[in-house]
1. Using only alpha carbon pairs under 8 Å that are at least six residues apart, calculate the relative contact order of segment A:230-314 and give it in whole percent.
2. If each residue's Cβ is checked for other Cβ atoms within 10 Å, how do B:Ile102, B:Ile112 rank with the fewest at the top?
3. Taking the Cβ-Cβ separation of A:Val164 and B:Ala239 as r and a Förster radius of 41 Å, what is the calculated FRET efficiency to the nearest 0.05?
4. Cα centroids of segment A:118-173 and segment B:234-311: how far apart, whole angstrom?
5. With springs only between Cα atoms under 10 Å apart, run a GNM on chain A and tell me which of A:Gly197, A:Gly180, A:Gly188 wobbles the most.
6. In nm, what is the difference between 0.36 nm times the number of residues separating B:Ser286 and B:Leu21 and their Cα-Cα distance?
7. Starting from the Cα-Cα distance between A:Ala24 and A:Val296, subtract it from 0.36 nm times their residue separation and give me the gain in nm to one decimal.
8. Run the simple label-point estimate for A:Arg280 and B:Ala95 please: 7 Å along Cα→C-beta, distance reported in nm.
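Read-outs: derived from the displayed coordinates by stated rules, not from any lab. All values reported here derive from a predicted model rather than from experimental measurement. Don't worry about glycine lacking a Cβ; one is built from the backbone with ideal geometry, like all the others, and counts go over all protein chains shown.
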Amino acid sequence: MSFLTAERLRLLVPVLSLALLLGAVFYLQPRTMSYTGLNLLFNLAVPITLATIAQMLIMMVNDLDLSMGTFVSFVACVTATFLQSDPIIGFLILAGCIAAYAALGVIIHLRNLPSIVVTLGMSFVWGGLAVLLLPTPGGTAPDWIRWLMTSKPPLVPMAIVASVLIAVVAHFVVMRSAIGVVLRGVGGNERSVQRAGWSVVRARALAYALAGLFAVLAGMTLVGLTTSADANIALRYTLLSIAGVILGGGEFVGGRVSPIGAVVGALTLTLAAAFLSFLRISPDWQIGAQGAILIVVLALRLALNRREARGTRK
Amino acid sequence: MRAILAKPWVWSFFAAGGVWLVTIMFTGGASTLGLSQAALTFAAFSIIVGLGQMFVITLGPGNVDLSIPATMTLAGTAALKVMDTSDGMVLAGIAVALAVGITIGVFNYALIKLLRIPPIIATLSSSFIVQSAAIWYNRGIRIKPPDVLSQFATASTFGVPNVAIVALVISALAWVILEKGIYGRWVSAIGQNMRAARLAGVPVDGTRFATYVLCAVLAALAGFLLSCFSGGAALNMGAEYLLTSIAVVVIGGTAVAGGFANVPGIWGASLFLFLVVSMLNTYGASAGVRMLFTGVIIIGVVVAASRKPAA
């Protein structure tokens, strides 16, 4: 039974939900079982996946980022304007954004602030900046991002290749690298990490900077898919990213996160939208059905966790 | 005097007063009455939802109600449709709004308790369902509120807007419950240490249940008043109150980690947030600049109010 470690068991529900949903979509619309079909199904998955990983990195250190949606929107606006017209200024702005995230981590840590409130304030800041930059929808995606996001690798669609790549990179950084252990330790037991001689400020700053990096990538890839941007383009991402992490088996506290699970969770949420439209559910109830799917998956997880708890007691 | 200055909520009133003065000075005193009345009116809605959110946040880390906007929308929509502009149906409309609030509150806590979902995700999921229900029920038709109600909601008594009076009555009740009633003690006790509260015999489940229901009912009431005030329910009318409800609680000096709440701060913070926006408006700032400043101010207040962590 060494194959079924607790870590892998946690992945079981998200993977099963995704498989079940994918099966249902294939059953409802067999034409999706093709290169083009899969490409269309998972088209928007890449930015959502990246934003979910970013949220996961924040949740790993016991914080929560309520500004994810407005931040990704702001990055999208920068990508569609400065990055296209003056790439150097564009990259400087984006680098500044990542630095701002690191600074947030430092402030939150040093002043012992609640992350929910600080990121809530930041959501106004990013939202305001985005509106100032692009008061009306517009801009153009830089050609190379557009090329990257619409490229067609052989056999497997771009969205799936990218998702696997993101999962692998995040898995190695968070679960396998030495610094990943320290970062998860900050979420698990901050004091013991400190006593072991690590700087918790630096660790939190790094976690936030990494999250900023992934969120910047989310905004850039989003513009690559949509070709233009507006200030409200990604507002849903705040809630989607939190839901994706939770669906993937992550916890709000304790540094218990799963990068592969988060990617699977994000894919499940992307697919849920397609599934609902194939079911011909009235558009009125589409959002509600997404809420219901979230509840069902969490109920499944509860059932499995209980079984797991019973198993360890034996 | 020192005792008053030590209260966590005085700063929000100082800030609100300061912004009020600056705005009045800019306009040369021309709009003093209008500005004050508008501030009281619009703050009233944030105060009502903020009070509910305050009780929920006081329950401790992780407790926050994200279903407030959806609840406001559904309650306003359903009540207006039931009343169907008829003055005789006002009581029925209020009853419907309250019933919507109670139902959502019960549903929220059922998810939290039975499925052991973190409150953020539970209220988020239920808000999706509630929002869909509102879309389905509303069908994009804008029904006007009964004349009696729209007159009541937009009029003033002795110069004070009626909605502000409603908010004042609710705040007074909330203050009594929080400071003098056993329920308020229980909420604070749970927020300070849930395990200790349970061991001390506090009915933890019952109190948390009542708190989520209370929050949803207050949100429903605010939605009802807002739809009467603005002449009809709109699907996005609750949207801005998600962030506002949390922001007024925090700026008002309630501990975000839970355990310590205060009612007056909600008033100071609500007035402050509205006045900042109207001050920026009088200076002719664009929407982007207004948002930027609101965010910087929220962060600035939180950083200034924070205490250095114990070494």
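1. Numbers: 55 pairs, mean separation 17.8, N = 85.
Reported relative contact order: 21 percent.
2. Taking fewest neighbouring Cβ atoms as first place, the list is B:Ile102, B:Ile112.
3. Values: r = 36 Å, r/R0 = 0.88.
Here the calculated transfer efficiency is 0.70.
4. Result: 30 Å between the Cα centres.
5. The residue with the greatest mean-square fluctuation here is A:Gly197.
6. 93.3 nm
7. Contour length minus the Cα-Cα distance gives 96.4 nm.
8. Rounded to a tenth, the inter-label distance reads 4.0 nm.
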